[in-house]
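Each remark here refers to the structure printed beneath this line.
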Amino acid sequence: MKAIVHVDKNWGIGKNNSLMFRLPADMKFFKETTTGNTVVMGGNTLRSFPGGNPLKNRVNIVLSKTLPERADCTIVRSQRQFFDAIKGASGEVFVIGGSSVYNMLLPYCDEVLVTKVKADGGGDAFFPDLDSDPRYVLLSESEEQETNGYKITFCTYKNREVQPLP
Ligand SMILES: NC(=O)c1ccc[n+]([C@@H]2O[C@H](COP(=O)([O-])OP(=O)(O)OC[C@H]3O[C@@H](n4cnc5c(N)ncnc54)[C@H](OP(=O)(O)O)[C@@H]3O)[C@@H](O)[C@H]2O)c1
């Protein structure tokens, strides 16, 4: 299982239950990486999508105690139900946010794909700072590129102490 996220220079990931930046190059990377696979998110992240709808061409698993059942995604009510749901998942499993779900599932992710945005988005939701966590090694960082006026790099971190799925 992997996590995928974009962060600002303070490891901020969102504000007022939405993203802080529009990053076409990152959206393209996210779509290419996750399409055909399984994505896992929390209820707030689903609610933040246009129309509150899941992502197309991916199996969507949503952790929520409150959202009603729906045909176009699998709603799971607990961490235990989540681990049952990903047994036999389609393709790779990507944890796609938000803050509470990243925090819950990061110990089980062997890699984290982090798009770093060289800006301060003034976030109110954060990702753990992997650069100051000795469990994480930066495997690669791309050349800097610009998208919609923002400088970004694509980084891959490895979790040296990944936990087996329960
Ligand atoms: N930068 C990025 O790459 C990125 C990616 C994704 C999201 N985000 C941002 O992250 C922010 C949202 O983060 P967040 O922490 O507020 O929301 P979240 O993690 O998306 O959702 C939290 C919700 O998930 C459900 N949940 C969490 N743990 C659960 C459990 N063990 N069992 C059942 N349900 C559980 C609950 O849903 P219910 O309330 O429905 O019961 C909870 O309120 C937004 O600003 C969003 O834009 C950023």
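For the reader, a short list of remarks on this structure follows.
- Cα-based Rg of the stretch 85-148 normalised by 2.2 N^0.38 Å, two decimals: 1.31
- Along principal axes, Cα extents of the chain, largest first, whole Å: 40, 37, 28
- Length-normalised contact order for the chain - Cα pairs under 8 Å, 6+ apart - percent: 32
- Net charge over other residues, Cβ less than 12 angstrom from the Cβ of T153 (K, R count +1; D, E count -1): -1
- Of the peptides 141-148, 41-48, the ranking by mean beta-carbon count within 10 Å, highest at the top, reads 41-48, 141-148.
- Among beta bridges from DSSP that stay inside the stretch 1-108, the antiparallel ones total about 5%.
- Dipole of the chain, positive direction: furthest Cα of L63, W11, M1, with charges on the beta-carbon: L63
- Exposure proxy shown here: for I75, I96, the number of other Cβ atoms within 10 Å sets the order, fewest to most, as I75, I96.
- Other residues within the sphere of radius under 12 Å centred on the Cβ of T115, judged by their own Cβ, net out at 0 (K and R +1, D and E -1).
We did not get these values from a lab; they are worked out from the coordinates using the rules stated. Please read all numbers here as calculations on a predicted model, not as lab measurements. Quick reminder, even Gly has a Cβ in these numbers, built from the backbone with ideal geometry, and neighbours come from all protein chains shown.
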